[in-house]
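Engineer: Okay, here's the structure, questions in a sec.
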Amino acid sequence: MIEATDLTFGYRRGQPVLRGWSGSIEPGEIVAVVGASGSGKSTLLYLLGALVRPWSGSLRIGDVNVERLGDGDRSDLRATTVGFVFQDALLDPRRSVLDNIVEGAIYRGVDRGAATRRARGLLERLDVNVEPGRRATDLSGGQAQRVALCRALLNEPSILLADEPTGNLDRINAAAVEGVLREQAAEGGVVVIVSHDEALASRCDRTYRL
Amino acid sequence: MRSHVPPLRRSWLPLIAESARVTWAARVVSGLVLLLALAVPATVLGVAGLNIEAQAAILRRVDEIGARTITIISTGSELSLPAGAVERIARLDGVAWVVGLGPVFDVRIREPGGGPTPVRAYRARGAPVTFSGSTAAGGAFLSATSARRVGLAGAYSVLDPGGLRVVGWFKAGEPLTSLEAFILVPSDEDALRLERIIVAVEDVGWVDVVVENLASMIGTDATEATSIERSPALIEARAAVLDEVSRRDRVLVLALLGVAMALVSVVIFAGTLAARRDFGRRRALGATRGQLTVLVMLGTLWPALVGASCGTVAGWLYLGSRLGYLPDWQFPLAVGILAVFALVIASALPAAVAATRDPLRVLRVP
């Protein structure tokens, strides 16, 4: 599903953050990426999510050569194939829980009615006990992260990329989020988790160390 | 292996709806844009109202001074202007009034005292000169000025040479106040020959038309011994005033739009800078650069529409209150549309900057 060869990328010319990373992830796998701060874990995640093009190396998602895609094609790929979960949930605090979840459908052009129905279903499935009309700013950390998971799953992505998804959560909420990620992998999706948590990494199918 | 993704058929409707929700959520930025959009047409229309009043006042003054007057002068050795021309000219379309004046000669009061005072025959239709006293033909009328000069002793004084009897008073309004230096002798005699005829037209636009018809009113023989004087300098000055006022209006509108565009650009830029992680998130969720640009520009459009609508109506009503009537709606509407268009265009640059910002840089947690 994902096959990367010699991926190199950096933010400043001549100073690569990620140097020659290779790896492959199959459907149904849940993979952890661990490493010290600044080792390029998040950068790798965003590269795998086609947010940017690598400086060099090749990246294949399914049968698509990502490194050759233009910005529009990569946006289409993210809208249809990739779901992101960010470390701090990254919800829009000024807007409702429902608005935050259905945002993922807007750029794909999905009708709001259909997106709303699916969002309500995800809130139930992930056991998020909040009013859909409640403002995101009123949510606890665990609730916010689960709402972010709902948003990432809204478009039924085949690849779920999670950046420190349990980093700010207590044990119970962390277990709940991990459970959803496992469920996603069990349904045939690719799940990549960037984490400092060695225990979480040890429970994944494979671990890449940077 | 493919190097492209099957094109996604994106619908713009969800994006338009999203822009309305974002506009509502970002109330501070939207409120500032709304206020600026309100201020532009309101100020333009308010200042336009004041300018229209000032312009009208200047034109009234210029027109009073003489841009609307034509003077026909007998230039021959003998007086060539027939008195009947006054009535004929007065019947022309666009003529406000006509005054015919005979030659000037000096008279003195029979009683001792006083100085020589000019007197002239007078024939007019509709002129701003009012007479009071006897209606006896051939009587002389004095103004306050000419009465002082001639040293009038009593209402029934006699003036020499000619034995003219003073029978009443007259008062001349603008622009004929210079006649108050004279003693006037109104005359309806057809045989009277005039030294000059002053014609005032209702509007400066009639001057050329009336001048073209004067020759036939005066008579062909008389035309050769007359000169027709108008006030080209005043007419040019009038046009120059109009041009200058219009130019200032245009400069003002452009300056206001420029300032409003710059402010909106700064406000939107600051807004996108504060929400840069939001833009990174949207990119991660699959938004294209084009979608983000449109989202920001639509986010400017909605408050600009509301603000410009309110500002246009307010400015239009203010303009109506200054003018005393509601002017045509086309100009206020055009100003409102221009304001909205300018502000949305002003948001294009910060929108493009926000859309092309590197999502990785803004999404990484330090």
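The values are calculated or read from the model by the stated rules, or taken from the named source; none is laboratory data. All figures in this text were calculated on a predicted structure; none of them were measured in a lab. Because the Cβ atoms are built from the backbone with ideal geometry, glycine has one as well, and the counts that use them run over all protein chains shown. Note: accessible area is taken over every heavy atom of the protein model, side chains too, but ligands, DNA and RNA are not part of it. Shrake-Rupley method; radii C 1.70, N 1.55, O 1.52, S 1.80 Å.
Engineer: About its Cα centre, how strong a charge dipole does chain A have in debye, to the nearest 20, once Lys and Arg get +1 and Asp and Glu get -1 at the Cβ? Before the final figure, lay out the partial values.
Structural biologist: On the way: 26 positive and 28 negative charges, 92 e Å.
Dipole of chain A, to the nearest 20 debye: 440 debye.
Engineer: For the charge dipole of the protein assembly as shown, defined by +1 on Lys and Arg C-beta atoms and -1 on Asp and Glu C-beta atoms about the Cα centroid, which residue among B:F131, A:G83, B:I345 has the Cα displaced farthest towards the positive pole?
Structural biologist: The one lying farthest along the dipole's positive direction is A:G83.
Engineer: Okay, moving on. Could you tell me the total accessible area buried at the B-A interface, probe 1.4 Å, in square angstrom to the nearest hundred?
Structural biologist: On the way: alone 19850 and 10010 Å², together 26090 Å².
Using a 1.4 Å probe, the pair buries roughly 3800 Å².
Engineer: Shifting gears a bit: Run lengths n ≥ 4 of DSSP H only: what is the helix-derived mean residue ellipticity at 222 nm for the protein assembly as shown, with -39500 (n - 2.57) per run over all residues, to the nearest 500?
Structural biologist: -15500 deg cm²/dmol
Engineer: Taking only protein heavy atoms into account and a 1.4 Å probe, give the accessible area per residue of the range A:62-154 in Å².
Structural biologist: Details: 3200 Å² over 93 residues.
In whole numbers, the range A:62-154 has 34 Å² accessible per residue.
Engineer: Share of antiparallel DSSP beta bridges in the protein assembly as shown, in percent to the nearest 5? It would help to have the intermediate numbers written out before the result.
Structural biologist: Values: 49 of 74 bridges.
The answer is about 65 percent antiparallel.
Engineer: Which one of A:V192, A:G72, A:N129 has its Cα pushed farthest toward the positive end of the charge dipole of the range A:60-210, where Lys and Arg give +1 and Asp and Glu give -1 at the Cβ?
Structural biologist: The one lying farthest along the dipole's positive direction is A:N129.
Engineer: Quick one: net charge around A:V102, please, counting Lys, Arg +1 and Asp, Glu -1 for every other residue with C-beta under 11 Å from its C-beta. Don't skip to the answer; put the middle values down first.
Structural biologist: On the way: positive: A:R95, A:R108, A:R112, A:R117, A:R118, A:R120, A:R151, B:R21; negative: A:D99, A:E103, A:D111, B:E18.
Here the charged neighbours net out to +4.
Engineer: Give me the percent of the accessible area of the range B:234-360 that comes from carbon and sulfur atoms, probe 1.4 Å, all protein chains in place. Could you put the intermediate results ahead of the total?
Structural biologist: On the way: 4390 of 5940 Å².
Solvent-exposed carbon and sulfur of the range B:234-360 make up 74 percent of the total.
Engineer: Here is a follow-up. Could you calculate the contour length gain from B:E174 to B:I52, that is, 0.36 nm times the residue separation minus the distance between their Cα atoms, to one decimal place in nm?
Structural biologist: Working: separation 122, 0.36 × 122 = 43.92 nm, distance 2.38 nm.
Stretched fully, the B:E174-B:I52 segment lengthens by 41.5 nm.
Engineer: Next question, about the same structure. May I ask you to derive the FRET efficiency for B:V158 and B:E229 from their Cβ-Cβ distance with R0 = 30 Å, giving the value to the nearest 0.05? Intermediate results must be reported in sequence, preceding the final value.
Structural biologist: Values: r = 36 Å, r/R0 = 1.19.
Computed FRET efficiency for B:V158 and B:E229: 0.25.
Engineer: Any residues in the range A:1-45 that have 40 Å² or more less accessible area with all protein chains than in their chain alone, probe 1.4 Å, and which are they?
Structural biologist: In the range A:1-45, residues shielded by partner chains: A:Y11.
Engineer: Specify the residue with the greatest mean-square fluctuation among B:E53, B:E180, B:E78, computed from a Gaussian network of chain B linking alpha-carbon atoms under 10 Å apart.
Structural biologist: Among B:E53, B:E180, B:E78, the largest mean-square fluctuation in the Gaussian network model of chain B belongs to B:E78.
Engineer: Mind ordering B:119-126, A:149-156, A:7-14 by average Cβ neighbours within 10 Å, highest first?
Structural biologist: On the way: B:119-126: 20.1, A:149-156: 23.2, A:7-14: 13.5.
By packing density, highest mean first, the sequence is A:149-156, B:119-126, A:7-14.
Engineer: Could you derive backbone 3J(HN,Hα) for the range A:170-181 from the dihedral phi with the Karplus parameters 6.51, -1.76 and 1.60 (θ = phi - 60°), listing whole Hz in sequence and x where the residue is Gly or Pro?
Structural biologist: Each residue of the range A:170-181 in turn: 6, 4, 5, 5, 4, 5, 5, 5, 4, x, 5, 5 Hz.
Engineer: Let me ask another. Quick check: pseudo-label points 7 Å beyond the Cα along Cα→Cβ at B:A191 and A:S22, how many nm apart are they?
Structural biologist: My value for the distance between the label points is 13.1 nm.
Engineer: At 1.4 Å probe radius, can you tell me the per residue accessible area of the range B:255-366 in Å²?
Structural biologist: Numbers: 4970 Å² over 112 residues.
Result: 44 Å² per residue.
Engineer: Any idea what angle helix B:13-25 forms with the longest principal axis of chain B, computed on alpha-carbon atoms, 0 to 90 degrees, nearest 10?
Structural biologist: For B:13-25 against chain B, the angle is about 80 degrees.
Engineer: Determine the per residue accessible area of the range B:61-217 with all protein chains present and a 1.4 angstrom probe, expressed in square angstrom. If you can, show how the numbers build up before the last one.
Structural biologist: Working: 7310 Å² over 157 residues.
About 47 Å² of surface per residue is accessible.
Engineer: Quick check: net charge around A:A186, other residues with Cβ under 14 Å of its Cβ, Lys/Arg +1 and Asp/Glu -1? Kindly include the intermediate steps, with their values, before the conclusion.
Structural biologist: Values: positive: A:R125, A:R182, A:R203; negative: A:E26, A:E29, A:E178, A:E183, A:E187, A:D205.
Taking every other residue near A:A186 into account, the sum is -3.
Engineer: Something else now. Helix B:289-323 against the longest principal axis of chain B: what's the angle in degrees, Cα atoms only, rounded to the nearest 10?
Structural biologist: Between the helix axis and the principal axis of chain B, the angle is about 20 degrees.
Engineer: Which one of B:I58, A:A144, B:S146 has its Cα pushed farthest toward the positive end of the charge dipole of the protein assembly as shown, where Lys and Arg give +1 and Asp and Glu give -1 at the Cβ?
Structural biologist: A:A144
Engineer: Carbon and sulfur: what percent of chain A's accessible surface (1.4 Å probe)? Don't jump to the answer; show the numbers that get you there.
Structural biologist: Numbers: 3600 of 8170 Å².
Heavy-atom surface of chain A belonging to carbon and sulfur, 1.4 Å probe: 44 percent.
Engineer: Run the quick spin-label model on B:E236 and B:A137: label points 7 Å from Cα toward the beta carbon, then report their separation in nm to one decimal.
Structural biologist: 4.7
Engineer: Between beta-carbons, use under 11 Å as the cut-off and find the net charge around B:S157, counting Lys and Arg +1, Asp and Glu -1. Please report the intermediate quantities before stating the final value.
Structural biologist: Details: positive: B:R108, B:R110, B:R165; negative: B:E111, B:D160.
For residues surrounding B:S157, the net value is +1.
Engineer: Go through the range B:343-366 and flag every residue whose accessible area shrinks by 40 Å² or more with all protein chains in place compared to the isolated chain (probe 1.4 Å).
Structural biologist: B:L360, B:R361, B:L363, B:R364, B:V365
Engineer: So, one more: Mind putting a number on the dipole of chain B about its Cα centre? Charges go on the C-beta only, +1 for Lys and Arg and -1 for Asp and Glu, and I need it in Debye to the nearest 20. The partial results should precede the final answer.
Structural biologist: Working: 36 positive and 30 negative charges, 684 e Å.
The dipole magnitude comes to about 3280 debye.
Engineer: What percentage of the solvent-accessible surface of the range B:107-215, computed with a 1.4 Å probe over protein heavy atoms, is contributed by carbon and sulfur atoms? Don't skip to the answer; put the middle values down first.
Structural biologist: On the way: 2800 of 5300 Å².
C and S atoms contribute 53 percent here.
Engineer: Let me ask you something else. Using +1 on the beta carbon of Lys and Arg, -1 on that of Asp and Glu, and nothing else charged, what's the dipole of the protein assembly as shown about the Cα centre, debye to 20? Show your work: numbers first, answer last.
Structural biologist: Values: 62 positive and 58 negative charges, 396 e Å.
Dipole magnitude for the protein assembly as shown comes out near 1900 debye.
Engineer: Relative to the first principal axis of the alpha-carbon coordinates of chain A, what is the inclination of helix A:97-106, with its axis defined by its Cα atoms, in degrees from 0 to 90 and to the nearest 10?
Structural biologist: Result, in degrees: 50.
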